[in-house]
Amino acid sequence: MKIANGHEIIQLFERFSPKELAMEGDKIGLQIGRLNKKVERMMIALDVLEEVIDEAIEKNVQLIIAHHPPIFRPLKNLLTDTTQGRMIEKLLKHDIAVYAAHTNLDVATGGVNDLLAEVLGLENPKVLVPTYETPLKKIVVFVPKSHGQQVRQALGNAGAGFIGNYSHCSFSTEGTGRFLPGENTHPYLGQPGHLEEAEEVRIETIIPEPLLKKALSAIIKAHPYEEAAYDVYPVDNTGEVLGLGRIGTVQEMTLKEFAEKAKTSLEVEKVRVVGDLNAKVKKVAVLGGDGNKYFTHAKFNGADVYVTGDIYYHTAHDAMMQGLNMIDPGHNVEKVMKKGVTAVLQKMCKESGYQVEIFPSEINTDPFQFI
């Protein structure tokens, strides 16, 4: 096990929540501090408030990954006698870096909206608002017949060949490969200076562009030749569609019953409800944070109820007129990301051999109280 630096940790995290998934103009990435340092303890937080920073200082944290960016609007100045200035001063003095993953974490597979769908018990959840289509590439590699299966397996294990619910998909054709090893080479077949012919197979498969480097690395490791011959082509096939929100089904119940279920599942005291409490609920849409402008997507996709935060007065009226029930459990339910991201990063770091302690913030950052 090795102690990773901040760059290595974030490289892992961005495999899970890539920056390109973020909505245009979103303030994501490293916001405060530096990553070129060892990270032995890191904390996952929903918000970066002063109490959260004090918690990080007390627990000797070197890196915070937060969902809500602490710097969302450009700073005109940095005055340390203001709350925000004092927060940044504390972070810098204690060399605590803050990295923000906002809408990219909302969109990511296994991110905020998948976590919300999971705790609400949605079955067969699908993307509610498509925002990103994963670009695909085709890889073609030429390999001796003796190593064809070895290379196919390596490609599949690296994420190539996924078509729908099928994995390790590929196609192979046999042919003759020709090559002339130059001086100072150590060919797997043949001798330097002599033209060689070999029975080879052409293996072709599909790969999501973000996994391309990983797949090429897998080819090189599994291939017996000093120089693996491969081609990469752009394709127009549709890749995985990602986006905001999720929509799925639950066991049929009344709106009142589902609201009670949502309170328990999301660990909130109260929820605001729009609609007839006796209405039947079967199909549920959920979108973390402020989902006001996406309520028509929930209606269009046949949702009986739409669960989202910060519902506006007039949005509620518009939904009522369209016959869409709504439940507002508050913005803070996105706190599910603290445990969710912690679990994902713990697993990724363990697999990479990184010795780092990762834990969720214990501070409640919900500004609202019910009396």
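The values are calculated or read from the model by the stated rules, or taken from the named source; none is laboratory data. Here the structure is a predicted model, which means the values were calculated and not measured. Note that we place each Cβ from the backbone using ideal geometry, even for glycine, and neighbour counts take in every protein chain shown. Areas reflect the complete protein model, heavy atoms only, side chains present, ligands, DNA and RNA absent. Shrake-Rupley method; radii C 1.70, N 1.55, O 1.52, S 1.80 Å.
For the pair His186 and Glu240, the difference between a 0.36 nm per residue extended length and the Cα-Cα distance amounts to 15.3 nm. Largest accessible area first, the residues Phe368, Phe72 order themselves as Phe368, Phe72 under a 1.4 Å probe with ligands, DNA and RNA left out. The label point for Arg73 and the one for Ala228, both projected 7 Å from the Cα toward the Cβ, are 5.1 nm apart. Using the Cβ-Cβ distance between Glu24 and Gln355 with R0 = 35 Å, the FRET efficiency computed as 1/(1 + (r/R0)^6) comes to roughly 0.40.
Only protein heavy atoms count here; on that basis, with a 1.4 Å probe, Arg34 has an accessible area of about 100 Å². The count of lysine pairs in segment 179-283 whose Cα atoms are under 16 Å apart, excluding pairs fewer than 8 places apart on the same chain, comes to 9. Solvent-accessible area of the chain (1.4 angstrom probe, protein heavy atoms only): carbon and sulfur portion equals 51 percent. Over the residues of the chain, the helix contribution to mean residue ellipticity at 222 nm works out to -8500 deg cm²/dmol, using -39500 (n - 2.57) for each DSSP H run of at least 4. Computed with a 1.4 Å probe over protein heavy atoms only, the accessible surface of the chain comes to 53 Å² per residue. Could you tell me the relative contact order of the chain? Use alpha-carbon pairs under 8 Å, at least six residues apart, and round to a whole percent. The normalised contact order for the chain reaches 20 percent.
For the set Met42, Met321, Met348, the ranking by accessible area, highest first and with no ligand, DNA or RNA atoms included, is Met321, Met348, Met42 under a 1.4 Å probe. Once Rg/Rh (Cα atoms, Kirkwood Rh) is worked out from the coordinates, which option in [x] 1.01; [y] 0.96; [z] 1.07 does it equal? For Rg/Rh (Cα atoms, Kirkwood Rh), the calculated option is [z].
Which of rounded, prolate, oblate describes segment 1-80, given a ≥ b ≥ c as roots of the alpha-carbon gyration tensor eigenvalues and a/c under 1.5 marking rounded, otherwise prolate only if a/b is larger than b/c? In terms of gyration-tensor shape, oblate. Distance from the C-alpha centroid of segment 80-144 to that of segment 235-303: 20 Å, rounded to the whole angstrom. Taking amide H as placed 1.01 Å from N in the peptide plane, Val39 has its amide H under 5 Å from the amide H of Ala4, Asn5, Gly6, each at least 5 places away in sequence or on another chain. Taking 0.36 nm per residue of sequence separation and removing the Cα-Cα distance, the Cys169/Met320 pair yields an extension gain of 49.6 nm. The alpha carbon centroids of segment 178-217 and segment 25-72 are separated by 45 Å. Relative contact order for segment 95-190: what is it in percent, counting Cα pairs under 8 Å that are at least 6 residues apart? So the answer I get is 11 percent.
Residues Arg246, Arg86, ordered by accessible area of protein heavy atoms at a 1.4 angstrom probe radius and largest first, appear as Arg86, Arg246.
Solvent-accessible surface (1.4 Å probe) assigned to Asp81 amounts to roughly 130 Å². Using θ = phi - 60° in the Karplus curve 6.51 cos²θ - 1.76 cosθ + 1.60, the 3J(HN,Hα) couplings for segment 261-275 round to 4, 4, 4, 5, 5, 8, 6, 10, 6, 9, 9, 8, 10, 10, x Hz; x is entered for Gly and Pro.
Suppose R0 equals 56 Å; then what is the FRET efficiency for Glu89 and Gln150 from their Cβ-Cβ distance, rounded to the nearest 0.05? My answer for the efficiency is 0.50. Residue ranges 185-197, 100-112, 131-143, 58-70 sort as 100-112, 58-70, 131-143, 185-197 when ordered by packing (mean number of other C-beta atoms within 10 Å per residue, highest first). By a 1.4 Å probe calculation restricted to protein chains, Ser146 has an accessible surface near 90 Å², given to the nearest 10.
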